[in-house]
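The structure appears right after this line, and notes come after that.
The values are calculated or read from the model by the stated rules, or taken from the named source; none is laboratory data. These numbers were taken from a predicted model, which means no experiment stands behind them. Neighbour counts run over all protein chains shown; Cβ positions are idealised from the backbone, glycine included. These accessible areas exclude ligands, DNA and RNA; they are computed on the full protein's heavy atoms, side chains included. Shrake-Rupley method; radii C 1.70, N 1.55, O 1.52, S 1.80 Å.
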Amino acid sequence: MKKSRPILWFSLIAAVAVTGYFGWQRFYGPDAAKTQTAQKGPPRPVAVPVTIAPVQQADFPVYLTGLGTVQGFNTVQVRTRVDGQIDKVAFTEGQIVNQGDLLVEIDPRPFQAALDQAKAKKAQDEANLANANLDLQRYTKLGEFATRQQTDTQRSTVAQLTAQIAADEAAISNAQTQLDYTQVKSPITGVAGLRQVDIGNIVNASSQTAIVSIAQIEPITVIFTAPEDQLPYINEGQKAGALKVIALTTDGKKALAAGKLAVINNQVDTTSGTIRLKAVFDNKDHTLWPGQSVSTRLLVRTLKDATVVPDDAVQHSTNGLYAYTVNQENKAELRKLKVSYSIDGRSVIDEGLSPGQQVITGGQFKVQPGSLVSTAVASSTPGQNKVRQE
């Protein structure tokens, strides 16, 4: 009995160990993990969060963009037409002067003296003509008692004095014109630039230095260029009416003014393959200024009922352009695209999409064809990422 007790205890301990081992294998071993996986089923795929927008059908304006330079509608370099000393400057630099306003006055005294002299000469010749006419009348009344030679000579004297008076009138007109030139007036309405001469300076008609420049800014023009291959579309649009032109800041962020295309240059620049164009703007608020550089947009035509998507939806790859659409099962589908125009954050799709479809505009870097997606509708308000979760 004493020998059988250890054997009994050993048997009990062995039985407990075997039971524990099989129990651990059942609940915690590899077979247990397989059993739990089989009971739970395959793992559910994780949805990729993306932003979507609808494919729209809308009219799409086609603009030609470029760079231009603002020029005054008319620009005049005001110079003197007579020699003399400047006695008066009647304008302020930078002010708007009207046509006919006095700008500068030159010493008029020498020209006034010349005018008075021409008038006196005419009065003298008129007196001589009156006396010659009286002599002619006397010779005529004498009849045969006056020789024919005397009568003809006197008649010739009258004609000469008559012509002399006509010359005197021309001299008076010229002297009056020279006197008027002493008052330099604005030939156009515009903005006066910086003054180039001061009071007391001597100016000459032969000098190339202008007294001041005046630029007309209402209206004002912008000179810009367009590619020569767009010339047929421009000419076609001009037949229906003047094409709209928008002037913007050089960074393209702020619109300055809207005008109309006025002139297409008469030849293409063969060195650059461009055509020069001129647009006219009312410029009532003076947002455009001569010499200013601007960006331009020329509205060539408008595509009716075009298929339009946000630019963010169009992706680039080595195989071309593509976009992801979302089907009714919220799965992504890859679509190859053909894009004709991209302006102001919108692209025109020629092939690959149809109006009413939903395209992914954000989060594409995590998307693969067939991926389950969680969509948020893109907002048209800048700075707002989404308006509705789906």
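Starting from the stretch 188-203, take each residue that is in a strand (DSSP E or B) and list its partners that are of a type in the set (Phe, Trp, Tyr), counting only C-beta distances under 7 angstrom and pairs at least six apart or across chains.
Once the first residue is in a strand (DSSP E or B) and sits in the stretch 188-203, its partners that are of a type in the set (Phe, Trp, Tyr) give 192/91.
Do we find that residue 341 is without any contact (Cβ under 8 Å) to a residue 40 or more places away in the chain and crowded, with 16+ Cβ neighbours inside 10 Å in this structure?
no
Output the number of residues of the stretch 344-364 satisfying the condition of being over 11 Å from residue 322 (Cβ atoms), free of Cβ contacts under 8 Å to residues at least 40 places away in the same chain, out of contact with any Asp or Glu (no Cβ under 7 Å at 6 or more places or on another chain) and crowded, with 17+ Cβ neighbours inside 10 Å.
Final tally of qualifying residues: 0.
If I filter the stretch 224-246 down to residues being of a type outside the set (S, T, N, Q) and over 15 Å from residue 62 (Cβ atoms), which single residue comes out as surrounded by the most Cβ atoms within 10 Å (Cβ to Cβ)?
Among them, the one singled out is 224.
Residue by residue through the stretch 235-250, note down the ones that are more than 14 Å from residue 302 (Cβ to Cβ) and over 11 Å from the mean Cα position of the chain (by Cα).
Residues satisfying the conditions are 235, 238, 239, 242.
Would you pick out the residues in the stretch 62-105 that are surrounded by fewer than 17 Cβ atoms within 10 Å (Cβ to Cβ) and within 30 Å of residue 324 (Cα to Cα)?
Across the stretch 62-105, the qualifying residue is only 65.
Considering only residues of the stretch 106-118 that are open to solvent by 50 Å² or more (accessible area, probe 1.4 Å) and touching a residue at least 40 places away in the same chain (Cβ under 8 Å), which is farthest from residue 167 (Cα to Cα)?
For the stretch 106-118, the residue satisfying everything is 112.
Go through the stretch 336-345 and give me each residue that's at pLDDT 90 or above and within 16 Å of residue 53 (Cβ to Cβ).
337, 339
State whether one or more residues within the stretch 197-207 are small (Gly, Ala, Ser), open to solvent by 60 Å² or more (accessible area, probe 1.4 Å) and under 30 Å from residue 89 (Cα atoms).
Yes, the conditions are met somewhere in the stretch 197-207.
Right, residue 369: modelled with pLDDT of 90 or more and open to solvent by 20 Å² or more (accessible area, probe 1.4 Å) or not?
No, not satisfied.
Would you check if residue 284 is open to solvent by 20 Å² or more (accessible area, probe 1.4 Å), out of contact with any Phe, Trp or Tyr (no Cβ under 6 Å at 6 or more places or on another chain) and outside any strand (DSSP E or B)?
Here the answer is yes, as residue 284 does meet what is asked.
Take the residues in the stretch 247-279 that are surrounded by 12 or more Cβ atoms within 10 Å (Cβ to Cβ) and basic (Lys, Arg), then tell me which one is farthest from residue 229 (Cα to Cα).
So, considering only residues that are surrounded by 12 or more Cβ atoms within 10 Å (Cβ to Cβ) and basic (Lys, Arg), the one farthest from residue 229 (Cα to Cα) is 260.
In the stretch 309-367, how many residues are of a type in the set (Val, Ile, Thr), farther than 29 Å from residue 299 by Cβ, touching a strand residue (DSSP E or B) at 6+ places or on another chain (Cβ under 9 Å) and part of a loop (DSSP other than H, G, I, E, B)?
Residues in the stretch 309-367 being of a type in the set (Val, Ile, Thr), farther than 29 Å from residue 299 by Cβ, touching a strand residue (DSSP E or B) at 6+ places or on another chain (Cβ under 9 Å) and part of a loop (DSSP other than H, G, I, E, B): 1 in total.
From (1) within 27 Å of residue 110 (Cβ to Cβ); (2) open to solvent by less than 50 Å² (accessible area, probe 1.4 Å), pick out the condition that doesn't hold for residue 188.
(1)
Restricting to the stretch 299-324, and then to whatever is in contact (Cβ under 8 Å) with a residue 40 or more places away in the chain and more than 16 Å from residue 57 (Cα to Cα), can you tell me which residue is most open to solvent (accessible area, probe 1.4 Å)?
Result: 312.
Only residues that are of a type in the set (Gly, Ala, Ser) and farther than 15 Å from residue 306 by Cα: list them for the stretch 317-344, please.
Matches in the stretch 317-344: 317, 320, 323, 332.
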